[in-house]
1. For the range 189-200, which residues satisfy the criterion of being surrounded by fewer than 19 Cβ atoms within 10 Å (Cβ to Cβ) and touching a strand residue (DSSP E or B) at 6+ places or on another chain (Cβ under 9 Å)?
2. Working only within the range 300-329, note down all residues that are in contact (Cβ under 8 Å) with a residue 24 or more places away in the chain and either among the basic types (K, R) or more than 16 Å from L50 (Cα to Cα) (or both).
3. Please tell me if L237 is part of a helix (DSSP H, G or I), surrounded by 13 or more Cβ atoms within 10 Å (Cβ to Cβ) and either in contact (Cβ under 8 Å) with a residue 60 or more places away in the chain or aliphatic (A, V, I, L, M) (or both).
4. Limited to the range 182-217, what total is found for residues that are assigned to a loop (DSSP other than H, G, I, E, B), of a type outside the set (G, A, S) and farther than 22 Å from R165 by Cβ?
5. List, please: which pairs have Cβ atoms under 6 Å, are six or more places apart or on different chains, and start with a residue in the range 33-49 that is farther than 13 Å from F258 by Cα and end with one that is in a loop (DSSP other than H, G, I, E, B) and modelled with pLDDT under 95?
6. Kindly evaluate F292 against the criterion of being farther than 30 Å from L115 by Cα and either surrounded by fewer than 18 Cβ atoms within 10 Å (Cβ to Cβ) or touching a residue at least 60 places away in the same chain (Cβ under 8 Å) (or both).
7. Looking at the range 140-183, which of its residues are at positive phi and of a type in the set (G, A, S)?
8. Within the group L203, L249, which residue is crowded, with 16+ Cβ neighbours inside 10 Å and within 25 Å of D41 (Cβ to Cβ)?
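The values are calculated or read from the model by the stated rules, or taken from the named source; none is laboratory data. Model, not experiment: these values are computed from the prediction. Neighbour counts are summed over all protein chains in view; Cβ atoms, including those assigned to glycine, are modelled from backbone coordinates with ideal geometry.
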Amino acid sequence: MKAGIIGFPGSGRDTVFRALTALPRVEGLNEQRLGEALVEDARLDYLSGLFNPKKHTPAKLELFSARPLGQNKNESIRLSLEKVRDCDVLLLVVRNFPDPSQKTQAPLEEAEEILNEFLVTDYISVEKRLERLGEERKRGKKADPIEAELLDLAKGLLEANTPLRGEPKITCAPLLKGFGFLSAKPYLVLVNNPDDGDDSFKLSAPLPQLSLRGNLEAEIAALEPEEAPEFLADYGLKEPGRARVIKTLYELMELISFFTVGEDECRAWTLTRGEDALTAAGKIHSDIKKGFIRAEVVAFDDFKATGGFAEAKKKGVFRLEGKTYKVIDGDIIHFRFNV
């Protein structure tokens, strides 16, 4: 999963990026940054402790931050948006801390401005494509009627200031995938509070949102693992902001984890809720998907309660499932395949 971080200049978007990735500050950088956040999972830790594998591989969240400098804040956002079209989810960083060089903070206003830019950017893309299709028809070239119909639908929604994410005909259409429509993507507003702020702060609007103290979280991310718990306790935090962001994104995007285990590697894999065993096999390797025979499945809780695969079989909680089996969060799976 790839998350794009955007926000107006001065919102602390780079600070939040560092808080999520634990990467150091880079001075004077006017380019994009890439990083990743490991998805902490106590279930995977338990499995690795049991199998003592050569490799322990958590799931990962890829993070992308576009930081172009435009002539003004709106141009900066528009330039950023062009760079996050291939992201799966967007993180909107809004400022809720004082800044002497800027007016009083207005995080809700910032969030609404960015969301409106999604609509404007998508509308421009749709109009350009419809104009091109019209020109091609004049030259005698036949346009795909389904694409034209979908684009007309999108144009009508955008003219009504309606995001595209609520229309399955558009979000699920392979023909439109290349557009990377911004208002069709899930998003999460990250309210960036001061160090002495309140992580329970909420915007007065029903937007998917999470509050965090970006500068404080960046300091926590830079600590050695053994130092972090005491630092967290001093500020009354149960877990780093990175963990809270990832949990919220998993809920927002309906993501789940399944595990593969063994002496070589214990690994967590990410799926969308409702995806089947064949899709899960393809996450690991195309050959496993191609030669899929059966999936040997045991739920994590059953595995832990019985003490292992052999005991799970004796208790009748070890199952053989086919291609269409809907994977459940926490499933431990071994795939039988032949190629």
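1. Matches in the range 189-200: G197, D198, D199, S200.
2. K304, L320, E321, G322, K323, T324, Y325, K326, V327, I328, D329 - these are the residues of the range 300-329 that are in contact (Cβ under 8 Å) with a residue 24 or more places away in the chain and either among the basic types (K, R) or more than 16 Å from L50 (Cα to Cα) (or both).
3. When the stated conditions are applied, L237 does not pass them.
4. 8
5. Sorted first by the residue in the range 33-49, then by its partner, the pairs are G35/L23.
6. no
7. Pass one, the range 140-183, residues at positive phi: 140, 161, 180.
Result: G140, G180.
8. Working: L203 fails: within 25 Å of D41 (Cβ to Cβ).
Only one candidate passes the filter, namely L249.
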